[in-house]
1. Output the residues belonging to the stretch 61-88 that are within 20 Å of the chain's Cα centre (by Cα), near ligand 1 (Cβ under 10 Å from one of its atoms) and over 14 Å from residue 3 (Cα atoms).
2. Output the residues belonging to the stretch 145-179 that are touching a strand residue (DSSP E or B) at 6+ places or on another chain (Cβ under 6 Å), within 23 Å of residue 251 (Cα to Cα) and within 16 Å of ligand 1 (Cβ to nearest atom).
3. Kindly establish whether residue 327 is surrounded by 15 or more Cβ atoms within 10 Å (Cβ to Cβ), at pLDDT 95 or above and under 14 Å from residue 200 (Cβ atoms).
4. Name the single residue that is farthest from residue 230 (Cα to Cα) among those in the stretch 118-144 being within 16 Å of ligand 1 (Cβ to nearest atom) and in a strand (DSSP E or B).
5. On the given criteria, is residue 255 touching a residue at least 40 places away in the same chain (Cβ under 8 Å), surrounded by 19 or more Cβ atoms within 10 Å (Cβ to Cβ) and more than 12 Å from residue 233 (Cα to Cα)?
6. Take the residues of the stretch 1-21 that are closer than 17 Å to residue 118 by Cα and over 15 Å from the mean Cα position of the chain (by Cα): which is surrounded by the fewest Cβ atoms within 10 Å (Cβ to Cβ)?
7. Somewhere in the stretch 20-27, is a residue in a loop (DSSP other than H, G, I, E, B) and within 16 Å of ligand 2 (Cβ to nearest atom)?
8. For the stretch 185-204, how many residues are more than 10 Å from ligand 2 (Cβ to nearest atom) and either part of a helix (DSSP H, G or I) or within 17 Å of residue 84 (Cβ to Cβ) (or both)?
Ligand code: NAD
Ligand code: UFG
């Protein structure tokens, strides 16, 4: 019996493959490598010392999905595959709706066909929109503010409808806050294509000299030092949250959202300072105007995941920075060997 991981070659998926295998699960991966590298899978195999069954296919290819369900005894699915860049989603929204929604619909149909009804879905804190009330709890109103966020919100709605019509399903909607960090081996980590959109990979690329300086998007927010505050969570903590969600899905029925965050906020400058301390490298920065649509503060209440899944984040900002730095220093060009 195995867990099918869509998008398993990606940043969060590759770390989750390790945590699942270390917890005794077999994994099967489908990924079209649109935003990742097969090298990530090879390194996961090296870390765990076991092979990963890997299909380089698109989740929107139903015949490929059927082949995977025919060739493997899948008992649950974690659905990471999707496009995730907020800015890009406003430029090519139809590509985002096509990829994220169609892949999910086809996956559900094939799961129905094969009688597999346990699903863990990668949602996002972005489904809370511009809520001013912090910390965010799962029962707060939803309202995404960009096409990417709407794909997550629409998929959550689709999955709630699915459960309402077929209550023998078990669906965990995991709302991630800001995943950063890397596996402690320093051999797998986040490897964005092109110039990073997100803060931590940007800082890490400044540290290895790929980018000249950090742009801090605004220092006039109503926060501790005027820069944006987020709930950064170590990717290995997040991966362990997925193991707990699969454990839960295998022995419960329901469709439940869970925040996966630390419950603590950290500003842009605090993260920069922590990274400098962890790496010993100075990160030059300039203050630039705010990025449109960025809220001042976002952090989770993660009590529900603690109470129901028995999961809580254990790793602090220092460890997140040390592990990011180990990965980036050892792999200045990510998975490319140049
Ligand atoms: P990632 O881009 O590293 O991983 C996604 C993987 O899915 C990639 O390997 C990509 O090649 C693959 N993929 C995309 N479309 C596919 C398709 N149609 N068929 C097969 N494979 C496909 O991203 P990540 O950071 O690991 O994020 C994983 C999931 O978590 C995504 O759904 C993302 O929206 C969600 N999420 C991420 C963050 C974050 O900050 N990283 C925050 C909240 C939610
Ligand atoms: N920031 C900078 N400079 C940069 C990049 C970011 O100052 O070069 C700031 C942002 O303004 C924000 C903070 O750093 O205050 C974090 O920004 P990120 O882009 O790293 O993360 P976001 O909180 O904007 O968004 C991320 C993901 C979304 C996801 C959301 C909630 O990109 O997909 O977390 O999970 F929806």
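1. We begin by selecting, within the stretch 61-88, every residue within 20 Å of the chain's Cα centre (by Cα); these are 76-88.
Pick out the ones that are also near ligand 1 (Cβ under 10 Å from one of its atoms) and you get 78-86.
Selection gives 81, 82, 83, 84, 85, 86.
2. Step one: filter the stretch 145-179 for residues touching a strand residue (DSSP E or B) at 6+ places or on another chain (Cβ under 6 Å), giving 152, 156, 159-160, 163, 170-179.
Retained after the next criterion (residues that are within 23 Å of residue 251 (Cα to Cα)): 156, 159-160, 163, 170-176.
156, 159, 171, 172, 173, 174, 175, 176, listed by residue number.
3. Numbers: surrounded by 15 or more Cβ atoms within 10 Å (Cβ to Cβ): yes; at pLDDT 95 or above: yes; under 14 Å from residue 200 (Cβ atoms): yes.
Against the criterion (surrounded by 15 or more Cβ atoms within 10 Å (Cβ to Cβ), at pLDDT 95 or above and under 14 Å from residue 200 (Cβ atoms)), residue 327 qualifies.
4. In this case the residue turns out to be 119.
5. On the way: touching a residue at least 40 places away in the same chain (Cβ under 8 Å): yes; surrounded by 19 or more Cβ atoms within 10 Å (Cβ to Cβ): yes; more than 12 Å from residue 233 (Cα to Cα): yes.
In short, yes.
6. Ranking the qualifying residues of the stretch 1-21, first place goes to 1.
7. Here is the first cut: in the stretch 20-27, the ones in a loop (DSSP other than H, G, I, E, B) are 23-25.
When the remaining residues are screened for being within 16 Å of ligand 2 (Cβ to nearest atom), the result is none.
So far as the stretch 20-27 goes, no, none of its residues is in a loop (DSSP other than H, G, I, E, B) and within 16 Å of ligand 2 (Cβ to nearest atom).
8. Step one: list which residues in the stretch 185-204 are more than 10 Å from ligand 2 (Cβ to nearest atom), which gives 185-194, 204.
Pick out the ones that are also either part of a helix (DSSP H, G or I) or within 17 Å of residue 84 (Cβ to Cβ) (or both) and you get 189-194, 204.
Of the residues in that region, 7 qualify.
The values are calculated or read from the model by the stated rules, or taken from the named source; none is laboratory data. None of the values given here were measured: they were computed from a predicted structure. Every residue, glycine among them, receives a Cβ derived from its backbone with ideal geometry; neighbour counts consider all protein chains shown.
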